Amino acid sequence: MSSNAAMAEAASLVGDPARASMLNALMDGRALTATELAGVAGITAQTASGHLAKLSAAGLLAVERQGRHRYHRLATPAVARMLEAIMLVAGSLPPPAQPRRIGPADAAMRNARTCYDHLAGRLGVAIAEAMAARGQVELAPDGGAVTAAGVAFLEGFGIASQAEGSRRAFCRPCLDWSERRHHLAGGLGAALCTRCFELGWVKRVPQSRTVLVTRAGEAGLRQAFGIEFGG
């Protein structure tokens with residue numbers, strides 16, 4: 001298949017509102033059943049199964065079997081990056097003649113959310129900028145690196161083992177669709193996200209990519225990164 005045809009196929013698959021809803025629900029890195037994804041999209045389980053089969057056949061989703069259940073997840077981080085890029089472009093388009101009212105859920109998602117396996121929104125950007133300001137990471141549009149100071153910080157933060165190896169591949173900036181600034185992706189972003197969950201600094205909002213900063217998180221973020229971030 002030519003690159004143009006492949007791009008058109010991927011765009012058509014993501015362009016369906018129900019499929020877009022299901023893909024967005026998987027952006028937090030979890031694996032969900034067809035029934036769960038049907039509920040997210042507001043469609044029947046039978047219709048969801050048809051959509052999921054198309055997404056899997058195209059390589060956008062991976063399927064895992066566990067007992068009687070089949071779980072669907074995004075096939076690769078590249079799929080998540082594609083979806084985040086589409087959100088970035090969509091967020092920059094002119095608003096409709098009658099703008100949709102932005103409710104509390106949308107504000108919370110812009111505040112803090114997961115982007116596949118890393119933190120995004122104001123929280124993700126704040127962490128990235130704090131680490132850059134302290135000289136712990138060096139970020140550029142085309143890549144990033146963890147410095148010696150960053151390695152020392154990560155060791156104290158409990159994720160030093162994940163800083164070993166190729167630091168260029170480990171640290172990657174990702175342009176945040178709502179903040180229009182960079183948050184941290186790649187292995188570093190995933191490690192920081194996992195550690196924040198382990199410490200109880202953030203907690204998930206059910207059936208959403210939104211995360212909330214806890215009281216412990218407010219204190220921890222202040223101490224570790226020097227940022228004020230109310231939940």
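What follows draws every value from the coordinates through simple rules; no lab data is involved. Predicted model, so just to flag it, every value in this text is computed and none were measured. Cβ coordinates were reconstructed from backbone atoms using ideal geometry, including for glycine residues, and neighbour counts include every protein chain displayed.
Tabulated values for the structure
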quantity: Neighbour-count ranking [beta-carbon atoms within 10 angstrom, fewest first] of 49, 12; calculated: 12, 49
quantity: Helix-only [θ]222 nm of the chain, DSSP H runs n ≥ 4, -39500 (n - 2.57) each, per residue, nearest 500; calculated: -15500 deg cm²/dmol
quantity: 0 to 90° range, to nearest 10: angle between helix 3-15 axis and the chain longest Cα axis; calculated: 90
quantity: Sequence ranges 21-29, 116-124, 34-42, 215-223, ranked by mean other-Cβ count within 10 angstrom, highest first; calculated: 116-124, 21-29, 34-42, 215-223
quantity: Spacing of the two label points (7 Å from each Cα toward its C-beta) at residue 207 and residue 53, in nm; calculated: 2.6
quantity: Distance in nm between pseudo-label sites at residue 65 and residue 215 (7 Å out along the Cβ direction from Cα); calculated: 4.8
quantity: Computed E for residue 107/residue 33 - FRET, C-beta separation, R0 35 angstrom, nearest 0.05; calculated: 0.75
